[in-house]
1. Can you find a residue that is modelled with pLDDT of 90 or more, part of a loop (DSSP other than H, G, I, E, B) and under 15 Å from residue 30 (Cα atoms) anywhere in the range 134-142?
2. Go through the range 40-77 residue by residue and tally those that are surrounded by 21 or more Cβ atoms within 10 Å (Cβ to Cβ) and either touching a strand residue (DSSP E or B) at 6+ places or on another chain (Cβ under 7 Å) or under 30 Å from residue 25 (Cβ atoms) (or both).
3. Do you know which residues across the range 54-84 are touching a residue at least 60 places away in the same chain (Cβ under 8 Å), under 19 Å from residue 44 (Cβ atoms) and in a helix (DSSP H, G or I)?
4. Hey, any hits in the range 11-29 for a residue that's free of Cβ contacts under 8 Å to residues at least 60 places away in the same chain, in a strand (DSSP E or B), touching a helix residue (DSSP H, G or I) at 6+ places or on another chain (Cβ under 7 Å) and closer than 22 Å to residue 143 by Cα?
5. Which one of 145, 118, 113 is modelled with pLDDT under 90 and surrounded by 20 or more Cβ atoms within 10 Å (Cβ to Cβ)?
6. Taking the condition part of a helix (DSSP H, G or I) and either under 28 Å from residue 146 (Cβ atoms) or in contact (Cβ under 8 Å) with a residue 60 or more places away in the chain (or both), does residue 96 pass?
């Protein structure tokens with residue numbers, strides 16, 4: 001079984017994913033890194049070149065065609081939930097865990113919003129982006145973990161108890 005982590009940028013998907021993989025003796029896959037490797041460009045450059053919609057289409061195409069194997073922790077980019085094909089593929093290969101963090105806590109966690117490669121419209125706030133994406137995260141999640149006020153170790157522990 002695989003575990004697929006979804007959630008907003010700053011929710012801890014990559015950090016939690018690495019620690020989960022170590023604890024469970026699973027492989028760790030970061031889909032943002034796969035996209036960058038496949039395209040030979042940073043996420044920021046891809047979004048800049050292709051525009052938001054073009055990036056989301058590229059992300060959807062790449063993620064829907066990957067063979068993830070088994071016994072993997074898969075950390076997705078925050079925008080992966082916009083790709084129906086990608087999310088259907090991820091749901092088929094594992095349990096989808098939504099790391100839920102409030103917009104207020106996200107604001108405190110994310111300091112490098114402009115260089116992070118976040119797929120969000122120009123002038124959009126994290127709070128607005130959260131409101132746009134929350135229903136998608138909830139739609140695809142098999143498990144929802146409330147991460148507000150939790151440190152990384154507590155989050156990892158809570159995910160392990162719920163998968």
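1. So the first thing to find is which residues in the range 134-142 are modelled with pLDDT of 90 or more, and the list is 134-142.
Filter again for part of a loop (DSSP other than H, G, I, E, B), leaving 141-142.
After this cut, where a residue has to be under 15 Å from residue 30 (Cα atoms) as well, the list is none.
No; the residues of the range 134-142 include none that is modelled with pLDDT of 90 or more, part of a loop (DSSP other than H, G, I, E, B) and under 15 Å from residue 30 (Cα atoms).
2. Selection size over the range 40-77: 8.
3. Answer for the range 54-84, where residues must be touching a residue at least 60 places away in the same chain (Cβ under 8 Å), under 19 Å from residue 44 (Cβ atoms) and in a helix (DSSP H, G or I): 55, 56, 59, 78, 80.
4. Within the range 11-29, one or more residues are free of Cβ contacts under 8 Å to residues at least 60 places away in the same chain, in a strand (DSSP E or B), touching a helix residue (DSSP H, G or I) at 6+ places or on another chain (Cβ under 7 Å) and closer than 22 Å to residue 143 by Cα.
5. Details: 145 fails: modelled with pLDDT under 90; 113 fails: surrounded by 20 or more Cβ atoms within 10 Å (Cβ to Cβ).
Being modelled with pLDDT under 90 and surrounded by 20 or more Cβ atoms within 10 Å (Cβ to Cβ) holds for just one of 145, 118, 113, which is 118.
6. Working: part of a helix (DSSP H, G or I): no; either under 28 Å from residue 146 (Cβ atoms) or in contact (Cβ under 8 Å) with a residue 60 or more places away in the chain (or both): yes.
No: the conditions fail for residue 96.
The values are calculated or read from the model by the stated rules, or taken from the named source; none is laboratory data. What you see is a predicted model; the values in this text were computed from it and never measured. Here Cβ is always computed from backbone atoms with ideal geometry, including for glycine, and neighbour counts include all displayed protein chains.
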